[in-house]
Amino acid sequence: MSQITYSSIPIWARPAAPVDEALPEISGSAYIVVGVGEAAEERVYQVANGLPENVTRLPLTFDDVEHAASALRGELAHARVGVRVVIIAPRGAALALRGVATTAGLMDDEIYVTVAGVDAIEVFCSHCEAITHTELGVDDIVDCVGCGRHLLIYHHVSRRSGRYLGFMVDAETASAAQESTTEGSSS
């Protein structure tokens, strides 16, 4: 897999990225430490317990990203200035939770992420807007669950949704684009 020099994929979400186990710089007055999956559970409590006594902490662990995202969204709706979010989750879940935090208005320096495992990523189809779940990665080809096009998983991740951009791999060839459109309308 090649990696372009400039990409919206955070360094921590790239293949073979080093796992940083160090605590984040303590710059906030409150921390929401959210984890997804069994591999994250112990680490969530280690991080929360490692924060200074004068810092408010809320450790949250979940089995799935949907419940984690809902809880994080709820906590951030009531958060005040000074809150920081620590995410410990598999790659796809971490991207989604980062999207929740950025949508709530947090900046990159208010979000700390440690990847704990690999799970499916979400690919947004730029043609039909369907979301395809896959364990493939950048530069791989996945079939869209919506329109069936062969999507190239591109070097772009939405900051707000955590989804990778997918577009028809051979869209620049008129015959391939016509074939895909014809196949999609005959089903």
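The values are calculated or read from the model by the stated rules, or taken from the named source; none is laboratory data. Just so it is clear, the model here is predicted, and its values are computed rather than measured. As a convention, Cβ positions derive from the backbone with ideal geometry for all residues, glycine included, and neighbour counts pool all protein chains shown.
Report yes if some residue within the stretch 18-35 is modelled with pLDDT under 95, under 16 Å from the mean Cα position of the chain (by Cα), not assigned by TED's automatic domain parsing to the domain that holds D140 and not aliphatic (A, V, I, L, M); otherwise report no.
No, every residue in the stretch 18-35 fails to be modelled with pLDDT under 95, under 16 Å from the mean Cα position of the chain (by Cα), not assigned by TED's automatic domain parsing to the domain that holds D140 and not aliphatic (A, V, I, L, M).
Looking at A177, A96, A101, A171, which is the one that is modelled with pLDDT under 90, in contact with an Asp or Glu (Cβ under 9 Å, 6 or more places away or on another chain), on the phi < 0 side of the Ramachandran plot and of a type in the set (A, V, I, L, M)?
Unique residue meeting the criteria: A177.
Just give me the residues in the stretch 84-124 being farther than 26 Å from L152 by Cα and of a type in the set (D, E), in sequence order.
Matches in the stretch 84-124: D108, D109, E110.
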